[in-house]
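The block underneath contains the structure these notes are about, expressed in structure tokens.
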Amino acid sequence: MKIGFTVNGTPQEVDVAADMPLLWVLRDVLGLTGTKYGCGAALCGACTVHMDGEAVRSCQVWAEDVAGREVLTIEGLGRPEALHAVQEAWVEQQVAQCGYCQSGQIMQAAALLAKTPAPSDAQIDAAMEGNLCRCGTYPRIRAAIHAAAAKLEG
Amino acid sequence: MSKATRLTRRAVIVGSLAVTGGLAVGIYALNRDWPNPLEEDLPEGAVSFNPWILISEAGITLMAPHTDLGQGIRHLQAALIAEELDVDLDQPEVTVAPGPAAPAYANRALAAEGLPFMSQDQGTVATIARGASARLMGALGLQGTGGSSSTPDSYVKLREAGAMAREMLKAAAAYRENLAMADLRTERGAVILPDGRALPYAELAQTAARELPPREIPLRDPTQWRLLGRPMQRLDILAKSTGTLDYGIDLTQDGMVHATVKLNPRPGGDLLSHDDSAALAVPGVSRVLPVSNGLAVVADSTWTAFNGAEALVCDWGPAPFLPEQADHWAALATALEGPPEKVWRDIGAQPDRPGVSPREYRAPYLAHAPLEPLSALIHVTEARCDIWVSSQFPGLAEQKVAAITGLPREAVHLHNQYSGGSFGHRLEFENIIRAAEIGTALRGTPVKLTYTREEDMAHDFPRQIAMARASGQVADGQVTALDLAIAAPSVTASQMGRIGFASAGADSQTVAGAWSMPYALPALRVAGHAVADLAPVSSWRSVGASTAGFFAESALDELIHEAGADPLAERLRLCDYAPARACLEAVGDMSDWGSPLPEGAGRGVAMVLSFGTPVAEVVEVHQTDAGLRIAKVWVAADVGRVLDPVNFENLVQGGVIWGLGHAVNCEVTYADGIAEPTNYYAHAGLRMPQAPEIFVRGLETGAEVRGIGEPPVPPAAPALANAIFAATGQRLREMPFANFIDFA
């Protein structure tokens, strides 16, 4: 079916199966590979994007449910030459090791900060629990979220 | 055959991948052993000074052939070259590439830890054997990343590579300007003349290539370093923070099709029969192909291929190993009853009747489960094959691809990628073999193979399972004897067998991290017991030390408590290796060991020497209403020299979280020959709310420069078990601990 929606501010129309996950629409149809496949079952958070401002697991969102919505991916959050505050903090803290989960971590953190500008450690824990990092960069993710919060406040 | 030759042959077989310690490689002619692979395909006007440096009008390319698995080694290799070459990594004309797979990039440090010498043994025989091992690894041309050996392998070699090119470039400038070499200096990719003029390397390269390489290359004293030892921004950090780094799974080619595999869930088992009609009826699925141990589905998208695989109906053969988990444990117990394969250490006389009766410890199989599932992009034509994938053994991978495609080895080109984690997973070739099989069947069409998470976990050759029995003796408040017997399947034999290497002799990995414990006990015996025919296993971050280190440091802790001694003070009293002592002293200081704790809290300490790097950890746990909380960890590690301090801290913290997480909640068990966890609903390790605060101190007292990717892992589990005992009085001798207590 033909589905129209907005990705990173640009209107897109794709012709895919109604139940194709948004993850694969982004990666295989639109070529936006910053959003990662990790588990396909909402267990790791690597595929996290924003849909109408909410953090969602794109592996669990069907294409037909994206119709008319606004999707923001890591590519739209900021660019290497124009970083979002969360990305700036991620670079300064040198969070990434393998980096494969970090698109999802950053999108989840950006959604948290949009609603909770100065999160406590407990709020960070609650928001980030679904985002797995096998390399174990959690201490740096926590520090980067606090640093990004300070940037956004300032 | 001389003794030294026998030892080194043993090193190749036994030590092959799993591990290493640091090696004094020394000065050697950089181009002597193998041809420079960059010369084979030199762009017009380009000059290559050695296998690590290519300079042309277009810029300066530094080759970083060790595979980057997230440990940041591509950056560190570039920094080692740049330090002496006098280029900066932020210069737009400087690029860093993994380079082709080539024997010139042999890892000379890969086998040292497999030698039958303790890493703290700096005696003549051990030193000679290590030197011979390094030469032999170089002569074999085995390019490999693993065993925390990349830094020891690179530390001298890559700085020499940079210095060699710099000196030739200076000589060219001196010749051209009729100046003395001593009047010239180098900076940011240029030779600076006394009058301040800067001659870019690119302009000098052609002339420099005709200069004789310097005979001696004195390396700069670390006090003169500009990059190394200071905080550096990793090359990949911006791309990894913006979703712009392409991993292997992200790559595409024009005209590419997608594929996935459905393999016998019993690893190594056969496909007996199948029905692919439903799979072929899935819109977008074009073909179903046979591959080793199963089928591949070719389709127009990854998701379509996944759907096609799901629709396959297969009749699978039995597992070629014991199918039920209980039988694996029984086999280990039986092995412990029998004679040891090898007694690795036997000091003093064990008591006739141990005062502390035998205790049994268990460590389960564990998956690597890096977050990027196995994948590979391949394009096979009549004359050539290109494969884009992350591999820790790129040369061996090319050999395997050549055999499957029928192409000569020189026609196969592996383009090594940044990997989305590995932890040892990408030492194997499962995805590469299947990609080559599919690519050969579809000759002419590029194809990207992507495993589902479930297929990846089902075929994740796990960490070795292991079991130990320990007894000992205490007297007058001191530990006087420890007798430790460890049974495990040989990870080296299993892994090397799949590579195609023979295996011989007892596997040092069974006792790694235990047999070389630097404690001067009056009586110490460490024996390894072999077990055959269990599930196929592979190197998992820290390999044997992840199991044997847990056994050793748990058993010792029990004896210390039995003696009524303080766990840190008694370890310090026993420790006879200065860098390990320094680590224990450091974590005592950092954690304020012995200071009062709140009710229900406890601290535990452990120290394991693995890959030549001693690491001590103190874990503090708190009992809460929600369960046990791992609150804080203090870590001290001695790598001789901390080259990349920010990344060092990140890797240590990650290693601790890796060690703790798997000790808490991960295990792979088999039922009917099938690994039971299939996705991250289990086997996730720690998540953000469980992650403790981790304080890291890097020490530089050791004589050798060592790796840090793996050594922080082994002490984490025993330090946690010891802390849990201190807090609760409950002694946990089997992982994962969550099977026995609740965690917050």
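Where a number appears in this text, it was derived from the coordinates with a stated rule and is not lab data. In this text the structure is predicted, and so the values were computed from the model without any measurement. Here the Cβ is made from the backbone with ideal geometry for all residues, glycine too, and neighbour counts use every protein chain on show.
Tabulated values for the structure
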quantity	calculated
log10 of Debye I(q)/I(0), alpha-carbon scatterers only, for chain A at 0.18 Å⁻¹	-1.02
From the C-alpha gyration tensor of segment B:457-528, square roots of 5λ in Å	32, 13, 9
Whole-Å distance, taken between Cα centres, linking segment B:635-712 and segment B:422-473	20
Long-range amide H partners of residue B:301 with built H, under 5 Å	B:258
Debye log10 I(q)/I(0) for segment B:367-450, one point scatterer per Cα, at q = 0.12, 0.15, 0.21 Å⁻¹	-0.29, -0.45, -0.86
Chain A: calculated mean residue ellipticity at 222 nm from DSSP helix runs of at least 4, using -39500 (n - 2.57)	-9500 deg cm²/dmol
Built amide H within the under 5 Å cut-off of residue B:191, gap 5+	B:199, B:201
Mean shadow area of segment A:85-153, taken as a quarter of the surface of its Cα convex hull (nm²)	3.8
Net +/- balance of residues flanking residue B:733 in space, Cβ distance below 13 Å, scoring K and R +1, D and E -1	-1
Paramagnetic label zone (point 7 Å from Cα along Cα-to-C-beta, residue B:681; backbone N under 17 Å) in segment A:120-154	A:130
Built amide H within the under 5 Å cut-off of residue B:575, gap 5+	B:520
222 nm mean residue ellipticity, helices alone, for chain B (DSSP H n ≥ 4; -39,500 (n - 2.57); rounded to 500)	-9000 deg cm²/dmol
Binned Cα-Cα distances of chain B, short to long, each 20 Å bin given as a whole percent	17, 48, 30, 5, 0
Given charges at beta-carbon only (K, R positive; D, E negative), |dipole| of segment B:489-615 in Debye	500
Given charges at Cβ of Lys, Arg, Asp, Glu: the protein assembly as shown dipole, positive-most of B:449, B:383, B:628	B:383
13 Å Cα-Cα reach of residue A:36 towards aspartates and glutamates, excluding residues that sit fewer than 8 places from it in its own chain	A:28, A:75, B:246, B:250, B:372
Dimensions in Å of the protein assembly as shown - Rg and Dmax from alpha carbons	27.1, 82
Scaled radius of gyration (Cα, divided by 2.2 N^0.38 Å) that segment A:2-77 gives	0.95
Whole-Å distance, taken between Cα centres, linking segment B:195-224 and segment B:330-401	44
Virtual spin-label span in nm between residue B:175 and residue B:280, 7 Å along Cα→Cβ	6.7
Residue order, fewest to most surrounding Cβ atoms within 10 angstrom, among B:405, A:48, B:701	B:701, B:405, A:48
Residues in segment B:655-699 that a label on residue A:60 would reach, taking backbone N under 13 Å of a point 7 Å out along Cα→Cβ	B:681
Anisotropy class of segment B:520-652 from Cα gyration tensor, a/c 1.5 cut	rounded
Extended-chain gain in nm, criterion 0.36 nm per residue less alpha-carbon gap, residue B:701 and residue B:533	56.2 nm
Inter-probe distance in nm under a simple model that places probes 7 Å from Cα toward Cβ, at residue B:185 and residue A:115	5.7
Calculated FRET efficiency for the pair residue B:730/residue B:329, C-beta based, R₀ 25 Å, to 0.05	0.70
